[in-house]
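Worksheet for the structure shown next.
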Amino acid sequence: MGENYKVYSSSYMVLKPEEAKVVDLISVLVSSNLEKREFVESSGNRDVSFRRRWMIFISVVLQKLLIFISRPMAWMGALIEMWLNFLSNNPTLFVFIINVLKGTLIPDRDSAAFISCVGHIDKRKELDRNIKPRDECKYYSALSMMASKVAYENKAYIETIVKDHWKMEYLGFYKCWNGNFKISIFINP
């Protein structure tokens, strides 16, 4: 964890749930001195009231719980996403049989046919034809809404939507800082 919080505030408290052990959590409730706790970093007085220690205890326990269930929840999300793509790729028994013969029951995650959960919630791909670029406020609002929805998709899907559906020039796709944040750049021809 970076120490940027020290730059922005002279009064801070940072809890590090990864470093907290059960004994540390119990001792937070018993002792008002947080100085000895490795998982608490603060700028101010480390002698705190029971109410504040209770809040620290609850916060760290909840954070540890979220850390514990994060991997199973990620697996569950991936499973749901695969199931949704399986259903959308095989809408009828006939299509299912053809896809079994071709070996493409679920599209590849990097293909234009693979859609995230956000894409399954809102299936629209086309921009509203009634809104023209001359209606700047409405046009850019609608374009921003569609672009923010499409931003959760993969590179091939975004490129297909921008070029084929929106009829715009696709300039690029960039993955930034943490691998989850993506930027696609396109312009109206």
Can you pull out every residue in the range 55-84 that is under 30 Å from Val30 (Cα atoms) and basic (Lys, Arg)? Lys64
Within the range 88-109, identify whether any single residue is outside the structural domain of Trp166 (by TED's automatic domain parsing), touching an Asp or Glu at 6+ places or on another chain (Cβ under 7 Å) and closer than 19 Å to Asp164 by Cβ, and answer yes or no. no
Which one of these does Arg51 not meet: (1) out of contact with any Phe, Trp or Tyr (no Cβ under 8 Å at 6 or more places or on another chain); (2) surrounded by 11 or more Cβ atoms within 10 Å (Cβ to Cβ); (3) in the same structural domain as Ala20 (by TED's automatic domain parsing)? (2)
Just one of (1) in contact with a Ser or Thr (Cβ under 8 Å, 6 or more places away or on another chain); (2) free of Cβ contacts under 8 Å to residues at least 40 places away in the same chain; (3) more than 26 Å from Ser116 (Cβ to Cβ) trips up Glu35, so point out which. (1)
Yes or no: the range 151-158 includes at least one residue that is at pLDDT below 90, over 17 Å from the mean Cα position of the chain (by Cα), surrounded by 14 or more Cβ atoms within 10 Å (Cβ to Cβ) and within 20 Å of Glu81 (Cα to Cα). no
Look at the range 91-112 and say how many of its residues are at pLDDT 90 or above and in contact with a helix residue (DSSP H, G or I) (Cβ under 7 Å, 6 or more places away or on another chain). 3
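The values are calculated or read from the model by the stated rules, or taken from the named source; none is laboratory data. Only a predicted model underlies this, so the values are computations on that prediction, with no experimental measurement involved. Note that each Cβ is placed from the backbone with ideal geometry, even for glycine, and that neighbours are counted across all protein chains shown.
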